[in-house]
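Here is the structure we will look at, set down as structure tokens.
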Amino acid sequence: DNLRAEISPRLGEYSTELMGIMTDKKYTSFDISSGLKVTYLSESGEQKSVDFLSGGTRDLAYIAVRMALIDMLYTEKPPTLFDESFAHQDNVRAASMMKGIKGLCGDGYQSFIFTCRARETVLADELAEGAGIFKLS
């Protein structure tokens, strides 16, 4: 119980920070409870499950939680792999997610994005000057 009481607020704080970046501060209060149940504070001030969010926004929330866990577990951040993680994102959410990944670079993350789509290449090129983009033929 003590461990959970210490970890949950830290996970919520980091997830909230990353979701603020990825949603232009539309969602600014996330909470992670036991069993990694993720909730957010709605515009009306009501605590709701992420199940009420759109599929794309829910994906962003769970990516934020995963990144929060990595942040807590590692002092030296391991490389982070995103394998077709943008597949279910519309263009707006994909750009938001790319902004979030770019923000992680400042926290010491090195990210690799694997995709078969050109959209992610364009986003990386636009948002992260100097991003190393490699195309396999």
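The values are calculated or read from the model by the stated rules, or taken from the named source; none is laboratory data. From a predicted model like this one, the values you see are computed outputs, not experimental measurements. No Cβ is skipped: glycine too gets one built from the backbone with ideal geometry, and neighbour counts run over all protein chains shown. Each accessible area value is taken on the protein alone, full model and side chains, heavy atoms only, with ligands, DNA and RNA left out. Shrake-Rupley method; radii C 1.70, N 1.55, O 1.52, S 1.80 Å.
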Inset, instruction - Starting from the residue with the highest accessible area, list Leu81, Leu136, Leu127, Leu18 in decreasing order, probe 1.4 Å. - result: Leu136, Leu81, Leu127, Leu18
Inset, instruction - Would you mind calculating the relative contact order of the chain from Cα pairs under 8 angstrom and at least 6 residues apart, reporting the percent as a whole number? - result: 21 percent
Inset, instruction - Compare the peptides 98-105, 37-44 by average per-residue count of other Cβ atoms within 10 angstrom and give them in order, highest first. - result: 98-105, 37-44
Inset, instruction - Taking 7 Å along the Cα-to-C-beta vector as the label spot, tell me the Ser54-Ile133 distance in nanometres, rounded to one decimal. - result: 2.4 nm
Inset, instruction - For helix 55-73, report the angle its Cα long axis makes with the longest principal axis of the Cα atoms of the chain; keep it between 0 and 90° and round to the nearest 10°. - result: 80 degrees
Inset, instruction - Over the chain, with every protein chain in place, what whole percent of the accessible area is carbon and sulfur at 1.4 Å, could you tell me? - result: 51 percent
Inset, instruction - Subtract the Cα-Cα distance of Ala87 and Glu46 from 0.36 nm times their separation in residues, and report this length gain in nm to one decimal. - result: 11.7 nm
Legend entry - Area of Phe114 that stays accessible when all protein chains are in place (1.4 Å probe, Å², to 10): 100 Å²
Legend entry - Cα long-axis angle, helix 91-105 against the chain (0 to 90 degrees, to the nearest 10): 80 degrees
Inset, instruction - Along Cα→Cβ, 7 Å out, is where each label goes; now give me the distance between the ones at Thr75 and Lys26 in nm to one decimal. - result: 3.9 nm
Legend entry - Solvent-accessible heavy-atom area per residue, rounded to whole Å², over the chain at 1.4 Å: 62 Å²
Inset, instruction - For the stretch 32-111, just say rounded, prolate or oblate: build the C-alpha gyration tensor, square-root its eigenvalues into a ≥ b ≥ c, call rounded for a/c under 1.5, and beyond that prolate if a/b exceeds b/c, oblate if not. - result: oblate
Inset, instruction - Compute the acute angle (0 to 90°) between the alpha-carbon long axis of helix 118-127 and the principal axis of greatest extent of the alpha-carbon atoms of the chain; round to the nearest 10°. - result: 80 degrees
Inset, instruction - Starting from the residue with the highest accessible area, list Val50, Val122 in decreasing order, probe 1.4 Å. - result: Val122, Val50
Legend entry - Sparse-neighbour loop sites [GluC sites (Glu not before Pro); the stretch 76-137; at most 11 other C-beta within 10 Å; DSSP]: Glu76, Glu129
